[in-house]
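Below: the structure, in structure tokens.
Throughout, read-outs are computed from the coordinates displayed, never taken from laboratory work. Keep in mind it's a predicted model, so treat the numbers as computed, not measured. Cβ: placed from backbone, ideal geometry, glycine included. Neighbour counts: every protein chain shown.
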Protein chains: 2
Amino acid sequence: MSGEDASWSGEVRVSAPGKVILHGEHSVVYGKRAVALGLDLRTHLTVSAAADSVSLCLPDVDISKTWSLEELRALWKQMGGAQAPDAAPLADAQAALLRSQLPTGAGLGSSAAYAVCLSGALLTSQGRLDPGEGRANLEKVCRWAFRSEQIIHGTPSGIDNSICTYGGAVNFKGGASTPVEVPPLQVLLVNTKVPRSTKALISGVRERRERHPSAIDPILDSLDALAERGIQALHDLASATRDQDRAAAHETIAELIEINQGLLCALGVSHPSLDRLVALAQANGLRAKLTGAGGGGFGIVVEGLAGKEDVAKCCLDLETHGYQVWRTRLGAPGFTIHHAQ
Amino acid sequence: MSGEDASWSGEVRVSAPGKVILHGEHSVVYGKRAVALGLDLRTHLTVSAAADSVSLCLPDVDISKTWSLEELRALWKQMGGAQAPDAAPLADAQAALLRSQLPTGAGLGSSAAYAVCLSGALLTSQGRLDPGEGRANLEKVCRWAFRSEQIIHGTPSGIDNSICTYGGAVNFKGGASTPVEVPPLQVLLVNTKVPRSTKALISGVRERRERHPSAIDPILDSLDALAERGIQALHDLASATRDQDRAAAHETIAELIEINQGLLCALGVSHPSLDRLVALAQANGLRAKLTGAGGGGFGIVVEGLAGKEDVAKCCLDLETHGYQVWRTRLGAPGFTIHHAQ
């Protein structure tokens, strides 16, 4: 549909990581610092040229849609798409196939990873990313992904599309996110399989704070400090050259995880399934916390310098108790173009 | 041995409650507020006249000692006892028999209850308490008990002998304790049977605070606020006249217990046995926290307005998991003279 160019007839393959909150869930709502990291459960998108339609296939969530170019042209005009500033032209006839390792609706950034892949792939296929302009290209991808997130979520914080675009880690405070260099951090991502309502959990914290401001406000301050120390510990780990410094950084990370989980319990957002997860990890010498809204949902266990056997034993214990476990890493690379033709 | 009077030939029976910390363990070390309550597991002491010796029989801890009056007279002189201000004369030949429902060495004030009983019974048998001078008498008992605690513990905080003398509740901050009027509070006192070192736990918190002051200091502030709100909630419960106000106060007490336990986890003083205790209580709709130093030791479950069946079920669950459970109440009356002749 880009009038000026010859039709594109190639294939683009891209991927983006998911997102995990290491510190700052809930307190971020009150303007405190949060630290999010790229999660190495990636979303892959392949966009290839097609005859006269645009199709979208998301087998992991059982969605398969096809629109004729004619339909889309009408919609495009109706929406005034061509007049929008920085508007990418609507893509040529093409088929998009998305596969994701990420569970959806889990607070792990699945929609942002999707949005990043889609905007990145379309910008690539339309030749809108300049070779050699790494950072500028990522900014463009991130900006478009944010628009997609706005359509899906209304008023997204911007944290998810940032981390899914840039990967690594993002230090988020007061609406501004700063990238943080991090080493890969080996974790177990654990699904409690207990559904939760993020909205209800956020309300619960707000009400508890309204009832006991003098007790809850210092907890939010402590969570802010924990996020700051968490970034410092990641930085220490990244720059450690000696084994003992690496070990010290891992110990600090584990300690901060333990403190954070206690504070989340104090806010009332843990859940028996999460408490059991933490206890099982602890029984294997590992530290764990909920990640995201809590009340069920997901937790992470940091491996630190634990031996393979201990980690394997912890996985087995968790699975035996009905949890779903992924052995993966945080600090994963961001948006990546694997193939563009 | 009181030269001036005829020898006493009667019997005195007294009792004193134990002590439970409701809020403020660990943070009290940093000058924050603590709330301790009288525990209705009482220590009973009977002192009766004897021929020519002083004997002490503590069957619960397998202690039985007898000293001749002659020996004691020599010791008394050697220690300069007669010159001490406010010195009670050494008692006549008598036998003291102590029975206690309190576990010892558990942070439940067993030594203070013993000291209060002993000083109260001796002051009574020696006619040193003035009839009709309730408060002044208790102050005298408390002061003598504190001396006994100094001999046993070196530098006691004064909180234990205060609560075991006055009963009810004591608001303790910066070395000063203020009595607080409280209604009886039904609880389960639970022994994890896991031994702990109070000293090591206190050191652990100090080291964690040294490592992460910006994260730990606000937690101590929150604990201070919790203790203050806890006193308010007890006061609200005491003054509630309507069922709904009583229910609201119980809900607040339970919520503060939950927050407090989360913060103690964040300080690193919980233990798997305590976490399991809390989880078992929670599964029965009840809230629990560790009491005292943590790391094992004892926990309390507040019954609130739970039905008899739920409480019985919780007891059973705890006992099935190997815990020792007492159904008792907090806010117990203080030092009591049951019989004096």
So the label point sits 7 Å from Cα along the Cα-to-Cβ vector; using that for B:Arg99, what distances do you get to the other copies, in nanometres, sorted shortest first?
7.7
Using 10 Å bins from zero, what percent of all Cα-Cα pairs in segment A:24-147 falls into each bin?
11, 35, 35, 16, 3, 0
Expressed to two decimals, segment A:131-220 has a Cα Rg over Rh, using the Kirkwood radius, of 1.06
At q = 0.08, 0.13 Å⁻¹, what base-10 log of I(q)/I(0) does the Debye formula yield for chain B when every alpha carbon is treated as an equal point scatterer in vacuo?
-0.41, -0.98
Per-residue mean of other chain beta-carbon atoms within 10 angstrom of the beta-carbon, peptide B:218-231?
5
What Kirkwood radius, in Å to one decimal, follows from the Cα pairs of the protein assembly as shown?
28.8
What FRET efficiency do you get for A:Ala136 and A:Arg327 if R0 is 30 Å and r is their Cβ-Cβ distance, rounded to the nearest 0.05?
0.30
FRET E, pair B:Ser239, B:Glu71, Förster distance 51 Å, beta-carbon r, rounded to 0.05
0.40
Using the 7 Å Cα-to-Cβ label point, sort the distances from A:Ala200 to its equivalents in the other copies shortest first and give them in nm to one decimal.
4.1
Treat every Asp and Glu Cβ in the protein assembly as shown as -1 and every Lys and Arg Cβ as +1, leave all other atoms uncharged, and give the resulting dipole magnitude about the Cα centre to the nearest 20 debye.
80
What range in chain A is the longest one free of GluC sites (Glu not before Pro) that are in a loop by DSSP and have at most 13 other Cβ atoms within 10 angstrom?
A:182-341
With θ taken as phi - 60° and the coefficients 6.51, -1.76 and 1.60, list the Karplus ³J(HN,Hα) couplings across segment A:174-182 in order, rounded to whole Hz; mark glycine and proline as x.
x, x, 9, 10, 10, x, 10, 6, 9
Shortest first and in nm to one decimal, what separations exist between B:His339 and its copies in the other chains, measuring from label points 7 Å along the Cα-to-beta-carbon line?
9.5
Kirkwood radius from Cα pairs of segment B:207-336 plugged into Stokes-Einstein at 25 °C, 0.890 mPa s, gives D in µm²/s equal to 154
Could you give the nm distance between label points at B:Arg99 and A:Ser53, where each point is 7 Å from its Cα heading toward the beta carbon?
8.9
Within 10 Å of each residue's Cβ, count the other Cβ atoms and sort A:Ile151, B:Ile159 from fewest upward.
A:Ile151, B:Ile159
Chain A - charge dipole about Cα centre, Lys and Arg +1 at Cβ, Asp and Glu -1, debye rounded to 20
560
Helix B:308-320 axis, angle to chain B major axis (alpha carbon atoms, nearest 10°)
80
Long-range HN-HN contacts of A:Ala332 with modeled amide H, under 5 Å
A:Gly38, A:Leu39, A:Asp40, A:Gly168
Rounded to the nearest Å, what's the spacing between the alpha carbon centres of segment B:281-341 and segment A:197-275? Just the number, please.
30
What longest region of chain B stays clear of trypsin sites (Lys or Arg not before Pro) that DSSP places outside H, G, I, E and B and that have at most 13 other Cβ atoms within 10 Å?
B:1-192
Whose Cβ in chain A comes nearest the axis that rotates A onto B, and by how many Å?
A:Pro218, 2
At q = 0.12 Å⁻¹, what is the log10 ratio I(q)/I(0) for segment B:110-181, with the Debye formula run over Cα points and no solvent?
-0.30
Pull out the extension gain between B:Thr198 and B:His153, defined as 0.36 nm times the separation in residues minus the alpha carbon to alpha carbon distance; nm, one decimal.
14.9 nm
Can you find, among A:Ala106, A:Ala16, A:Ser55, the residue sitting farthest towards the positive end of the charge dipole of chain A, where Lys and Arg contribute +1 and Asp and Glu -1 at Cβ?
A:Ala106
